[in-house]
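The values are calculated or read from the model by the stated rules, or taken from the named source; none is laboratory data. Owing to the predicted nature of the structure, the values given are computational and were not obtained by experimental measurement. Glycine gets a Cβ as well: all are built from the backbone with ideal geometry, and neighbour counts include every protein chain shown. Quick note on the areas: whole protein, heavy atoms, side chains included, nothing else; ligands and nucleic acids left out. Shrake-Rupley method; radii C 1.70, N 1.55, O 1.52, S 1.80 Å.
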Amino acid sequence: MSHELTLLVVIELIFPLALGLLWVGIKRQFQIRDAKDDKIAELLDERERLKEGAIHEWRHKFDGTLCSVKNKVDEIAADMHKKVPFDLCEKKEAAVRRQTEDHDRRLRAGGL
């Protein structure tokens, strides 16, 4: 009878106690995992914010550089138009073309 009583005590007291401890342990593991998941989500959000900030800063810097380059090119073009008339380049090109045509014509004629 004492074995039956011991078995009954084990079944009635220790088994629910062990299940309770197991449940508490599992619940604690899930709470720890949830805390880690929250920390990971927070770090991912921070990384996204930093990445967007870096992209925005780069874009702003790029746009500023691009605008300054465009303004400088426009200034150079304006200065060129002030200093050198357009027809000067066309006249030089026409003179070179005439010299090349004259040279070709003399070569075809058989001599220089």
Open item on the list: If you only keep lysine pairs separated by 8 or more in sequence, or across chains, how many in the chain come under 22 Å at the Cα atoms?
Closed with: 14
Task: For the chain, Kirkwood radius (reciprocal of mean inverse C-alpha pair distance, Å) - done: 24.1
Open item on the list: Rolling a 1.4 angstrom probe over the protein chains, ignoring ligands and nucleic acids, what is the accessible area of D102 in square angstrom, nearest 10?
Closed with: 60
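Taking 0.36 nm per intervening residue step and subtracting the Cα-Cα distance, what contour gain separates E46 from S68 on full extension? Walk me through the intermediate numbers first.
Numbers: separation 22, 0.36 × 22 = 7.92 nm, distance 3.28 nm.
So the extension gain works out to 4.6 nm.
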Task: Lys, Arg +1 and Asp, Glu -1 on Cβ, resulting dipole of the chain about Cα centre, debye, nearest 20 - done: 980
TODO: Give the residue from I14, A35, L107 lying farthest towards the positive end of the charge dipole for the chain; charges sit on Cβ (+1 for Lys and Arg, -1 for Asp and Glu) and the dipole is referred to the Cα centre.
DONE: L107
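I'd like the carbon and sulfur percentage of the solvent accessible area for the chain, probe radius 1.4 Å, heavy atoms only, ligands and nucleic acids excluded.
C and S fraction of accessible area: 64 percent.
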Task: Rounded accessible area of T100 (nearest 10 Å², 1.4 Å probe) - done: 70
Task: In sequence order, calculated HN-Hα J values of the stretch 50-56 (Karplus, 6.51, -1.76, 1.60; Hz; x Gly/Pro) - done: 5, 5, 5, x, 5, 5, 4
Task: Cα gyration tensor, the stretch 50-96 - rounded (a/c under 1.5), prolate or oblate - done: prolate
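Show that you can apply the helix-only estimate: for the chain, add -39,500 (n - 2.57) for every DSSP H stretch of four or more residues, divide by all residues, and state [θ] at 222 nm to the nearest 500. Numbers along the way, then the final one.
Working: 3 runs with 101 residues, N = 112.
-33000 deg cm²/dmol, from helical runs alone.
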- [ ] Calculate how steeply helix 86-109 sits against the longest principal axis of the alpha-carbon atoms of the chain, using the helix alpha-carbon long axis, and give the answer as 0 to 90 degrees to the nearest 10.
- [x] 70
